[in-house]
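What follows draws every value from the coordinates through simple rules; no lab data is involved. Please read all numbers here as calculations on a predicted model, not as lab measurements. Virtual Cβ from ideal backbone geometry, glycine too; neighbours counted across all protein chains shown.
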Amino acid sequence: MNSIRYEKDDANIVHLVFDNPNESANLMNAEFRASFAGAITALRAETALAGVILRSAKSSFFAGADLKEMINARESGAEAMWAVAHALKEQLRALETLGKPVVAAINGAALGGGWELCLCAHHRIALDDPKIALGLPEVTLGLLPGGGGIVRMVRLLGIEVALPYLLEGKQFNPAQGLRAGLIHELAATPEEMLAQARAWILAHPDAQQPYDRKDYRIPGGTPASPALAPKLMIAPAMLRETTRGVMPAPEAILGVAVESTQVDIDSAMRIETRWFVWLAQGTVARNMINTFWFQLNEIKSGAGRPREVERARFARVGILGAGMMGAAIAHACAVRGIEVVLKDVDLEGAGKGKAYSAKLLGKQLAKGKLTQQAHDATLARIRTTADAADLAGCELVIEAVFEDRELKARVTREAEAALPDTAIFASNTSTLPITGLAEASARPQNFIGLHFFSPADRMPLVEIICGRATSAATLARSYDFVQQIGKTPVIVNDARGFFTSRVFGTYCQEGIAMLTEGVAPAAIENGALLAGFPVGPLAVSDEVSLTLMSKIRHQTIADLRAEGRAYQPHRAESVIDWMLEQQRAGKAAGRGFYEYPEGGRKFLWPGLAARFQPTADMVPLADIRERLLFVQSLETVRCLDEGVVTTARDANIGSIFGIGFPAWTGGVLQYVNGYGLEHFVARARELAEHYGERFEPPASLIERAARNAPY
């Protein structure tokens, strides 16, 4: 039993101590499964067994499945995966039907397979630590719980109460679990937890799972119950409104949850296993596991960060510009314990920026999510000023003023005069090249781009842009800062629009340009939603503002002219110009592609259909969907070719976390992988034939497809 220590105490209680010798956390891999099978055999052979305590020798209880193994198992086929999953379930079922009390002593995180182990126990005791995470997050990786998690959660809580934990991957801490009835006791220390476990076992020699009693009734009833049946009739439609048919895991989970209550528990387990294998063998799960587990964890561990530079922590940061973006960045820093100097042209403007934090903190205080002391301390960290001299002592300054090159140059020189030589100066520009902006800096090696996404206090991504002169130390320290404020960093190189803005721009332009082809505005927006985008290209263009899009274009034209380069216009620009002539600049102006009635829901402006007159031979819906997906993936390949983005990891995470590329794809390059490189190239050529050369696959992609070398 390499992964499990089998220990018996003086009360004839066997302790199964999970202790994977080769990993920092316990994993449900082949070694564990073999050890667990051996433990079950040994338990059955015991002649004077009083009970079983499930424990962990690690700081966490159990981390769940080994996803590397799962990806490899996928290649061996569904039958092999079924056999492994079914055998484990039989062992878990054997444990809970052993006829002896089983207690889970939960000392740390138990997620996925770890929580499924806990569910097999008749009694669950956890350390009273709010940082301990429990739950079944498999849906976030395109999977469902494959170790009986759905079956047991539904039998314990009922379908209606269990679904948020299953469909949303809702996690909870021990105190919340106690209130929900999923945890039975809390303990202050590991020693107390062990004593409580022993005491419970000795007091309950005949313990069994509640759902194994003949008189047990599932809370809330079965699908045949008059109170539940009407709700289940509309549940699939409500879920499809969220998944839009591109996220199979939530729909499979709902199916298992409902079906499992209509059969005996062993049949229910088989139903769950079938759906688990079906999902695990699918492209969506592979896409999501690749990106949201492997690639995201690489970024969290510092992949791409210069390793020779010592880790840094920041105590004092300056923000230039207290508008919407600057105020949100200031808030993101202050809630993480960093002192902020928030500067604007006058104290009134700076004060408005601080008021943004006051409003957010006030809401948390009113809901009981924040103490008055924490509220006051966070707000006190933000110091407002109109004097650049107050930036003295800041280790980092982030410029968040308007997208105007001269204005940015002026505030750069003004701030640097007050800063120490070691301070980093970062621009939050979304499009202007960092190397050009750094020309205004006396220390271009300390100059970098930190592109936040709006609203900056909530959006998880920060795009780090290296100029030609940016030093490795500046990059490393900027990476550390982004992680310090709880954001996910992706690293790109300097270019117009960088990576995210450049790729996002193709999404907006493609959607807008479809209007000129006679595609109905509603078809454009619905095509995007059915592809899995959170917002359609017309709606998101309103959010960005057509005025800003026009300004960026004119700045680009001027810059390229100065460089002696030609500008290639896009068909979407004529639509944007016409919209601005109609004084429809976007949401902030109250009028754009949509109407924004006060107190009502937005709706597409009827003038669009009148002006562009949708045609009868409309572009097929499948083409609308794929044009919006392909145009961004192809632009990403070009970014990769040009060295703007250097890893598939940064491209995938940046596209999902920054610009809303559909999560089911795993990101812009994983979408190409999942589609199949050869098929993607063929489809791109087909789209190019019908809609233009922007869909022509780059030579590098064609060459990769010939080698079958995924990104």
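Here the spin labels are modelled as points 7 Å beyond Cα on the Cα-Cβ line, and at Ile557 and Ala589 they lie 1.7 nm apart. Taking a straight Cα-Cα cut-off under 23 Å and skipping sequence neighbours fewer than 8 places away in the same chain, the lysines within cross-link reach of Lys214 are Lys89, Lys100. Taking the Cα centre of the stretch 156-315 as origin and assigning +1 to Lys and Arg Cβ atoms and -1 to Asp and Glu Cβ atoms, the resulting dipole is close to 520 debye. Evaluate E = 1/(1 + (r/R0)^6) for Glu192 and Lys359, where r is the Cβ-Cβ distance and R0 equals 45 Å; express this FRET efficiency to the nearest 0.05. Given R0 = 45 Å and the Cβ-Cβ separation, E is 0.60.
Packing order of peptides 513-521, 695-703, 318-326, highest average first: 318-326, 513-521, 695-703 (average count of other Cβ atoms within 10 Å over each peptide's residues).
Per-residue 3J(HN,Hα) values for the stretch 626-640, derived from phi via the Karplus relation 6.51 cos²θ - 1.76 cosθ + 1.60 with θ = phi - 60°, read 6, 4, 5, 7, 5, 4, 6, 5, 5, 5, 5, 4, 5, 4, 5 Hz in sequence order (x marks Gly and Pro). Of the chymotrypsin sites (Phe, Trp or Tyr not before Pro) in the stretch 387-464, the ones in a loop by DSSP (not H, G, I, E or B) with at most 14 other beta carbons within 10 Å are Phe402. DSSP finds beta bridges in the stretch 4-285, and of those with both partners inside it, around 25 percent are antiparallel. Among Val340, Val139, Val103, a tally of other beta-carbon atoms within 10 Å of each Cβ gives an order, fewest to most, of Val139, Val340, Val103. Our coupling estimate for the stretch 507-512, obtained by passing each phi through the Karplus curve with A = 6.51, B = -1.76, C = 1.60 and θ = phi - 60°, is 5, 4, 5, 5, x, 5 Hz, Gly and Pro reported as x. Post the alpha-carbon centroid distance, the stretch 248-278 to the stretch 561-625, in whole angstrom. The stretch 248-278 and the stretch 561-625 have Cα centres spaced 45 Å from each other. The slack in the chain from Lys231 to Gln281, taken as 0.36 nm per residue of separation less the alpha-carbon distance, amounts to 14.9 nm. Of the beta bridges in the stretch 316-496, as assigned by DSSP with both residues counted there, near 15 percent are antiparallel.
Fewest neighbouring Cβ atoms within 10 Å first, the residues Ser541, Ser441 line up as Ser441, Ser541. From the largest down, the stretch 316-496 spans 48, 32, 26 angstrom on the principal axes of its Cα atoms.
Amide H to amide H, with H built 1.01 Å from N, Leu604 comes under 5 Å of Glu595, counting only residues 5 or more places away or on other chains. Placing unit charges on the Cβ atoms of the charged side chains and taking the dipole of the stretch 500-619 about its Cα centre, the candidate lying farthest along the positive direction among Leu548, Asn526, Ala572 is Leu548.
The mean sequence separation of alpha-carbon pairs under 8 Å and at least six residues apart, normalised by the residue count of the stretch 500-619, gives a relative contact order of 32 percent.
Here r is the Cβ-Cβ distance between Thr41 and Leu347 and R0 is 60 Å; the resulting FRET efficiency, rounded to 0.05, is 0.20.
Using the rule -39500 (n - 2.57) for each DSSP H run of four or more residues, divided by the residues of the chain, the 222 nm mean residue ellipticity is -15000 deg cm²/dmol. The three principal axes of the C-alpha atoms in the stretch 500-619 carry coordinate ranges of 46, 35, 28 Å, sorted with the longest axis first. Couplings 3J(HN,Hα) for the stretch 520-532, derived from phi with the Karplus relation 6.51 cos²θ - 1.76 cosθ + 1.60 (θ = phi - 60°), are 4, x, 5, 5, 4, 5, 5, x, 5, 5, 6, 7, x Hz, where x marks Gly and Pro.
Between amide H atoms placed 1.01 Å from N, distances below 5 Å from Arg591 occur with Ala585, Gly586, all of them 5 or more places distant or on a separate chain.
Footprinting exposure proxy ranking of Glu310, Glu543, fewest other C-beta atoms within 10 angstrom first, gives Glu310, Glu543. Residues whose amide H falls under 5 Å from that of Glu399, counting only those 5 or more places apart or on a different chain, are Leu320, Ala426, Ser427, Asn428, with hydrogens built in the peptide plane. Please state the shape class of the stretch 444-515: rounded when a/c is under 1.5, otherwise prolate if a/b exceeds b/c and oblate if not, all from the C-alpha gyration tensor. Note, shape of the stretch 444-515 comes out oblate. For the chain, relative contact order (Cα pairs under 8 Å, six or more residues apart, normalised by length) works out to 9 percent.
Need the full-extension length gain, Asp215 to Ala616, defined as separation in residues times 0.36 nm minus the C-alpha distance. One decimal, nm.
138.1 nm
When DSSP beta bridges are restricted to pairs lying wholly in the chain, around 25% turn out antiparallel.
The charge dipole of the chain, taken about its Cα centre with unit charges on the Cβ of Lys, Arg, Asp and Glu (plus for the first two, minus for the last two), comes to roughly 700 debye.
Computed from point charges on the beta carbon alone (+1 for Lys and Arg, -1 for Asp and Glu), the dipole magnitude for the stretch 11-144 about its Cα centre is near 260 Debye.
Dipole of the chain computed with +1 at Lys/Arg Cβ and -1 at Asp/Glu Cβ about the Cα centre; of Ile465, Ile53, Ala585, farthest Cα towards the positive end is Ile53.
Note on Lys68: lysines with a C-alpha under 19 Å away, same-chain residues under 8 apart excluded, are Lys300. For the stretch 329-485, relative contact order (Cα pairs under 8 Å, six or more residues apart, normalised by length) works out to 19 percent.
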